[in-house]
Structures are given as C-alpha cells and as structure tokens.
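Visitor: The structure's right below; bear with me while I get my questions together.
The numbers here are math on the coordinates, done by the rules we state, and not lab data. None of the values given here were measured: they were computed from a predicted structure. When we count neighbours, we look across all protein chains shown, and the Cβ atoms used for this are built from the backbone with ideal geometry, even at glycine.
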C-alpha cells in the first residue's frame, strides 16, 4: 500500500477483516475505499488472493 496508507494492516488475515469492515460500514465499493485511503487496489487484491479471497462487487466484500 502507499505511504499515505500506514493504517492498513500488513498481515493478510488482519487486512481482510479491516477491509471488509470498512466496506461494510463506510464504503460502497473497493474503488471508493482505495481512493479515500490512498491504497493500491491491486496490492490489496493480490494480498487477499494469497489467502484465497476475491472481491465480489455484488456483495461489496472479499469472499
């Protein structure tokens, strides 16, 4: 993630929990979260793919 995004967890399982909570409570899409938090969407998706999770825009969560 970008240097402006120090608040995001580095551990993939913690990242999953953090991102899904933010998507549920604050953001209507992964793009909105990434724009607001100055995060790299590709990097988030790659890290979470490493623990077998993919973003599903229909439910706005990593599943």
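Visitor: Sort 47, 10, 22 so the one with the fewest other Cβ atoms within 10 Å of its own Cβ comes first.
Guide: Working: 47 20, 10 9, 22 17.
By the 10 Å Cβ count, ascending, the order reads 10, 22, 47.
Visitor: Using a simple spin-label model with points 7 Å from Cα along the Cα→Cβ vector, what separation in nm is obtained for residue 28 and residue 63?
Guide: 2.0 nm
Visitor: Starting from the Cα-Cα distance between residue 36 and residue 52, subtract it from 0.36 nm times their residue separation and give me the gain in nm to one decimal.
Guide: On the way: separation 16, 0.36 × 16 = 5.76 nm, distance 2.51 nm.
3.3 nm is the gain from fully extending residue 36 to residue 52.
Visitor: Let me ask something additional. Could you compute how fast the chain diffuses translationally, taking Rh as the Kirkwood radius over C-alpha pairs and applying Stokes-Einstein at 25 °C with viscosity 0.890 mPa s? Give it in µm² per second.
Guide: Details: Rh = 11.4 Å.
Rounded, D is 215 µm²/s.
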